[in-house]
């Protein structure tokens, strides 16, 4: 018996299946993405940038340089402690936060907040489009309450606070609390956040690579029983290919149920 030459259609078969898989996965991915984006997320994150002791920094050459600091006013008060505290308020949700209240509370009785901290935004240009105002009626030397008119998704307001005292202090405690009804408030370190993995990108890469492979494997696994059924029913297929593996790898799926020649 003369064996008929078998022309492999391996590449075309897998290319077609891969193309179909890519189209299906892309459609599913777009649908899931749109569904996620449409889901309201109300979340504010407070990033703690730590604090710096400006007067008792060990890097200063105390044995060679002497400096004194005084609080402006009459009479002038000598400052023995001066800390710099940086906090960032970021909207990590997907909805804008209007009239967001943020309170800064100083725990130490012998320390005070400067009346006007340095305020900047990220992106920088939004500082001209929003208002960040202190609620004077609710603010004291140890507590400041601010109103941020609007904070859109991804935007941040950064407060650089100076805390001073007439007595020497080794540490201060300044708590930052945003208040917004029905919003989730989280706290993170501004320093460690720079080292965090971008889990959204990581998930995208893993899912983007894994889903198509899983989908293709699923198609192949589902096709095996159908190929096996035709292999048992069709002696012409067995005669042409000689083995089930060659039949499965080389026979075009759309011609699986063609009538015998």
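Can you give me the distance in nm between label points at residue 99 and residue 84, each placed 7 Å from the Cα along the Cα-to-Cβ direction?
Here the answer is 3.6 nm between the modelled labels.
Just grab the label-to-label distance for residue 114 and residue 39, each label 7 Å out from Cα along the Cβ direction, in nm (one decimal).
So the two model labels end up 4.3 nm from each other.
Determine, for 83, 257, the number of other Cβ atoms within 10 Å of each Cβ, and report the residues in order from fewest to most. Write down the numbers at each step before the final one.
Values: 83 21, 257 10.
So the residues, fewest neighbours to most, are 257, 83.
Hey, for a label at residue 187 modelled as a point 7 Å past Cα toward Cβ, could you say which residues of segment 122-149 have their backbone N under 18 Å away?
Under 18 Å, as judged by backbone N against the label point of residue 187, lie 143-146 of segment 122-149.
Calculate, for residue 135 and residue 166, the FRET efficiency according to 1/(1 + (r/R0)^6) with r their C-beta to C-beta distance and R0 25 Å; round to the nearest 0.05. Numbers along the way, then the final one.
On the way: r = 27 Å, r/R0 = 1.07.
Once the sixth-power term is evaluated, E becomes 0.40.
Sorted from fewest to most neighbouring beta carbons within 10 Å, what does the list 143, 240, 76 look like?
Numbers: 143 13, 240 16, 76 10.
Ordered from fewest to most neighbouring Cβ atoms within 10 Å, 143, 240, 76 come out as 76, 143, 240.
Gain in length, residue 147 to residue 177, computed as 0.36 nm per residue apart minus the alpha-carbon separation, to one decimal in nm? All intermediate terms of the calculation are to be shown ahead of the outcome.
Values: separation 30, 0.36 × 30 = 10.80 nm, distance 1.20 nm.
Here the segment from residue 147 to residue 177 would lengthen by 9.6 nm.
Length gain on complete extension for the stretch residue 76 to residue 232, per 0.36 nm per residue less the alpha carbon to alpha carbon distance? Spell out each step's value before the answer.
Values: separation 156, 0.36 × 156 = 56.16 nm, distance 10.07 nm.
Taking 0.36 nm per residue and subtracting the Cα distance, the gain is 46.1 nm.
How far is the Cα center of segment 143-195 from the Cα center of segment 96-126, in Å?
Cα centroid of segment 143-195 versus Cα centroid of segment 96-126: 6 Å apart.
Could you put 115, 187, 165, 103 in order, starting from the residue whose Cβ has the fewest other Cβ atoms within 10 Å?
Details: 115 10, 187 13, 165 19, 103 16.
Exposure proxy ranking, most exposed first: 115, 187, 103, 165.
Bear in mind that the values in this text are calculations on the coordinates, not laboratory data. Being a predicted model, the structure only gives us computed values, none of them experimental. For neighbour counting, all protein chains shown are included, and Cβ atoms are generated from backbone atoms with ideal geometry for every residue, glycine included.
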